[in-house]
1. Contour minus end-to-end for GLU24 and ALA97, with contour as 0.36 nm per residue of separation and end-to-end as the Cα-Cα distance?
2. Just the accessible area for ASP27, please: 1.4 Å probe, Å², rounded to the nearest 10?
3. Ordering VAL29, VAL39 from largest to smallest accessible area (1.4 angstrom probe), what's the sequence?
4. From the phi of every residue in segment 167-178, what ³J(HN,Hα) in whole Hz does the Karplus formula 6.51 cos²θ - 1.76 cosθ + 1.60 yield, where θ is phi - 60° and glycine or proline is x?
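The values are calculated or read from the model by the stated rules, or taken from the named source; none is laboratory data. Since this is a predicted model, take the numbers as computed values, not measurements. To get the accessible areas, we keep the full protein, side chains included, count just its heavy atoms, and leave off ligands, DNA and RNA. Shrake-Rupley method; radii C 1.70, N 1.55, O 1.52, S 1.80 Å.
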Amino acid sequence: MTFFEEFPDPPQPEAPPRRREPWEQPDHVLPASVPGDAVVIRTPDAAVWAGAVQAYPNGFALTLRVVRRRPGGAYRDPDPFASGDAGTGLRFGLEFADGRRAAMGHGMRVRFQQPRDDGPLWLQPNGGGGNHLSWDQNLWIAPLPPNGPVLLVGSWPEAGVDEQRAELDGTAIRAAAARAVELWPEEEAPDAGRGVSVRVSTAHVADADAD
């Protein structure tokens with residue numbers, strides 16, 4: 001036995017179960033798919049599509065697919081939310097029918113704005129991956145939207161887009177949430193960590209500013 005093998009391994013404390021925050025994406029629920037998608041940005045050389053919506057009891061997951069005609073030039077990073085000079089990269093925001101809004105993107109932290117009497121609208125990047133021509137960015141949004149349109153806003157000066165808009169159906173997202181399936185009681189869900197196995201963009205910062 002060598003010198004270093006004589007040291008015993010330290011005991012590892014067990015991570016106790018915890019209740020998740022109301023705005024967190026639940027791991028113990030099977031979501032319900034929501035029909036519909038939207039093209040947020042469309043130019044001759046780039047597009048941003050929003051779809052693959054999955055509804056949960058407390059929010060919904062959304063995928064942004066970013067497609068570029070050719071790599072190179074100003075697009076130095078495969079992640080479109082991280083590439084470009086300051087103020088020129090891709091930004092994405094959404095607004096509920098009740099006025100709550102959130103935004104994220106290149107050169108900015110995730111930001112929230114809502115009427116003072118309402119809880120915040122959470123917009124959380126949950127990892128992404130791709131290459132210099134296409135990139136999928138997963139998002140978690142909470143809470144569920146009220147009935148009415150969910151406005152999607154995209155800005156990408158580097159691609160020649162100051163601002164373009166599209167909509168999703170908030171009423172359909174709420175209706176689909178009723179079909180989500182809870183697999184077991186929430187208090188039995190262990191605190192297993194919320195890491196992802198895909199690349200997470202360094203352009204998104206976990207904390208937020210309240211406007």
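1. That pair, GLU24 and ALA97, stretches by 24.1 nm at full extension.
2. 90
3. The ranking, largest first, comes out as VAL39, VAL29.
4. In residue order, the calculated couplings are 9, 10, 8, x, 5, 5, 5, 4, 5, 5, 4, 5 Hz.
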